[in-house]
Amino acid sequence: MVSTATSSRNPDDMDWSEVAQLGLRYARIPLALLCVEAFYWFITMPSDTLGPIQVSEAWIWNELTNLIFGEGASTLSTHNGWLTRIELNHVDFPGSFNHVALYVSDECAGVHEMIFLSTLVAMTEGVPQKVKVRSILVMCSIVYVLNIVRLLVFYPIAVQECTGMPNDAACLVPMWEWHTAVYEWGFLVVLVGMWLVWFWRVGGPARTLDASSAPPEAWRLRLRTQWSTQHIALVVVALVLVFGGAYNVTNNEEASEAKSTLDTCQFLDLATSDCTQAQKDWDKAIGSAWSLAAIGLLAGVIGGVELQRPDENGNWPSKSQDEEVTSVVYQKPTSRHSSKRKGSWKSRTNEEE
């Protein structure tokens with residue numbers, strides 16, 4: 001008896017093995033994000049390391065605030081030598097000068113969000129590199145604009161609340177709540193949503209499961225598989241420099257005191273001369289350590305990462321292929337004169353004739 005029952009399974013559905021394969025492919029993304037977090041923490045250890053971006057955003061913030069809410073609504077000034085300080089002005093704002101002093105720090109520049117989103121896009125498999133690069137440029141531009149919009153919202157929130165409670169410091173609480181909400185989870189939701197929309201627009205899981213269907217890339221970066229003495233030496237030097245820089249900061253009493261003062265100033269939202277001096281001392285103390293660590297990271301990348309290109313058939317080099325090449329045994333050519341002769345002298349003579 002032959003069964004005529006047909007399966008109702010959609011051919012486009014993924015089975016559990018494909019789900020597991022997809023999970024393994026994307027398990028490396030959290031690891032990459034952790035590395036990105038460590039890198040961002042490293043580059044923002046000194047203050048104003050993203051100075052040009054901070055200045056550009058502060059200038060746009062100031063110009064748009066005056067354009068939208070009226071001339072004199074904000075004033076641009078310096079903070080630690082950079083034009084990143086914004087004073088929001090209104091007659092109902094608390095304080096003797098009726099203004100709220102803010103500044104664009106390196107953490108508020110939106111670079112953290114740009115790096116996070118760029119990592120998600122770069123780690124997505126099955127998408128051509130040109131598409132990734134264009135997508136990263138467009139998404140980073142969108143994040144830049146969204147960050148400007150976030151800063152512009154400060155003024156109307158503060159004005160709305162302080163109009164009902166003039167010259168009361170409590171009227172600024174909603175503005176700080178908005179800042180905290182966006183900083184802690186608001187931007188994260190937006191970034192993940194942007195990546196999901198992009199992910200499905202470029203093909204979704206289908207392209208990830210069949211990454212080989214994508215056109216061959218011109219190059220890729222991978223961890224080094226063939227190590228020489230020079231590569232190992234570079235990695236060792238990188239570790240020594242990074243740990244040496246960290247040791248200099250953690251065991252520097254001047255740096256520890258300056259950091260403690262800075263934490264107090266940030267917690268109490270102070271802007272005194274002592275806070276400014278503590279910021280300068282902290283930047284000076286970690287400046288040399290930052291330079292050593294930067295050189296160490298560069299040496300580590302050069303020693304531990306290699307640039308790979310496909311061969312004429314579009315195949316990427318693999319570790320198994322390298323092992324096959326190095327395991328080939330050299331065969332010494334032989335001739336009939338080197339072989340040991342057998343039989344009697346007469347029979348050998350007849351055979352040769």
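Annotations for the structure displayed:
- Over region 27-215: Rg over Rh, Cα atoms, Kirkwood Rh: 1.07
- Label separation (VAL149 vs THR225): 4.5 nm, computed from points 7 Å beyond Cα along the C-beta direction.
- Loop sites in region 26-102: GluC sites (Glu not before Pro), DSSP, at most 16 other Cβ within 10 Å: GLU71
- Each residue of region 172-188 is assigned a 3J(HN,Hα), and the resulting list reads 8, 4, x, 5, 5, 5, 4, 4, 5, 5, 5, 5, 7, 9, x, 5, 4 Hz, derived from the Karplus form 6.51 cos²θ - 1.76 cosθ + 1.60 (θ = phi - 60°), x at Gly and Pro.
- Normalised by 2.2 N^0.38 Å, where N is the number of residues, the C-alpha radius of gyration of region 216-320 stands at 1.65.
- Spacing of the modelled spin labels on VAL138 and TRP176, each 7 Å from Cα toward Cβ, amounts to 4.0 nm.
Read the figures in this text as sums done on the coordinates, not as results from a lab. As the structure is a prediction and not an experimental result, all values here were calculated from the model. A quick note on method: Cβ atoms are made from the backbone with ideal geometry, for glycine too, and the neighbour counts reach across all protein chains shown.
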